[in-house]
Amino acid sequence: MLKSNLLSRKKEMVKIGIIVATCSGKGGVGKSTFSISTAITLAKDNNKVLLIDMDAGMRCLDLLLGVSEKLVFDVSDAVEGKDLEDCIIQIPEQNDLYLLAAPSNNETVSEESFKIFIEKVSEDFDAVIIDFSAGNDVSLLSALPFDAQIVCVCNPDAVSIRDAYSINCLLAKKSKKARLVLNKYNYYFIKSRAFSTIDDIINETGMQLLGIVPFSEDFEYAFCTGDFALRGRGKKAFKRIAKRLQGKNEPLKKLKKI
């Protein structure tokens, strides 16, 4: 268990104990923005949250969160036994959110070591959000603990949908399932049939729908500036997703109001 007073658990709080892994078939769908926004949403609800960047060699969460200059150690050091307190960074103005950065090179970790590490750190945090790299390597995803929730982020376009289906097939071979988050959703595009309908996307990816995040310039602004102060419909969408990740019943809103 972590010794630092900074990470001591509030005795009155009940540990929600969730592990969430985010993936995508292709880059550019908003996967990292989704991971950060989910982590911030959970942290603002008085949960201790650890955000782990697993995109070795292409790490970006430290830049997006404005802590790149503070990095000394990364996830490979932590997995190899370096004290976690020395490896994680508390995110400014997000008291309950911590980041464990990816290696700056292509250094990888073994599946077994990764599984043991995730099981261990999950004891010290209410939520562990793991941001995996885009693409078809699901080896570490398949090594996650059985109760980990895998989330595939997808946009409502043909290429993204096809790639999400490919991820679903690869995970199925490993006896794993992912749930779908439809990102950059625009009701009027869907209505005009410029894109597939929600039902089409669910059927074509073969995944259960976890949530829908509306297209918003706020998210584009956040990605460019690191200002992840969620607002409006986007904020409400992530609150709904956070509740579902915690096993709470949260009905899908009318599509026009998402």
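Just so you know, all these numbers are worked out from the coordinates, no wet-lab data involved. It should be emphasised that the depicted structure is a prediction, and the values quoted were computed from it without experimental measurement.
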### Query
So how tilted is helix 31-43 from the main axis of the chain? Cα-based, degrees 0 to 90, rounded to 10.
60 degrees
## Note on the structure
Only helices counted: for the chain, with every DSSP H run of 4 or more residues adding -39500 (n - 2.57) and the sum spread over all residues, [θ] at 222 nm is -10000 deg cm²/dmol
### Task
Give the Rg (one decimal place) followed by the Dmax (whole number) of segment 20-133, computed from C-alpha coordinates and expressed in Å.
12.9, 35
### Task
On each of the three principal axes of the Cα atoms of the chain, give max minus min coordinate, whole Å, ordered largest first.
55, 37, 33
### Query
What percent do you get for the relative contact order of the chain when only Cα pairs under 8 Å and 6+ apart count?
24 percent
## Note on the structure
Candidates SER192, SER110, SER37; GNM for the chain (alpha-carbon contacts under 10 Å) flags as most fluctuating SER192
### Message
Could you derive backbone 3J(HN,Hα) for segment 67-79 from the dihedral phi with the Karplus parameters 6.51, -1.76 and 1.60 (θ = phi - 60°), listing whole Hz in sequence and x where the residue is Gly or Pro?
### Response
10, 4, 6, 8, 6, 10, 10, 9, 5, 5, 5, 5, 5
### Query
Which three extents, in whole angstrom, do the alpha-carbon atoms of segment 85-132 cover along their principal axes, largest first?
33, 26, 20
### Query
Under 5 Å between amide H atoms, partner at least 5 residues away or on a different chain: which partners does VAL213 have, H built in plane at 1.01 Å?
LEU182, ASN183, LYS184, TYR185
### Message
Whole-Hz ³J(HN,Hα) for each residue in segment 125-142, computed from phi via Karplus 6.51 cos²θ - 1.76 cosθ + 1.60 with θ = phi - 60°, x for glycine and proline: what do you get?
### Response
10, 6, 9, 10, 10, 10, 9, 7, 6, 5, x, 9, 8, 10, 4, 6, 4, 6
### Query
Mind checking which of LEU141, LEU63, LEU51 has the largest fluctuation in a GNM of the chain, springs on alpha carbons under 10 Å?
LEU63
### Summary
Karplus-derived 3J(HN,Hα) from phi for segment 173-186 (6.51 cos²θ - 1.76 cosθ + 1.60, θ = phi - 60°), whole Hz, x at Gly and Pro, runs 5, 9, 6, 10, 10, 10, 9, 9, 10, 8, 9, 6, 6, 10
### Task
Report, for the chain, the % of DSSP beta bridges that are antiparallel, rounded to 5.
5 percent
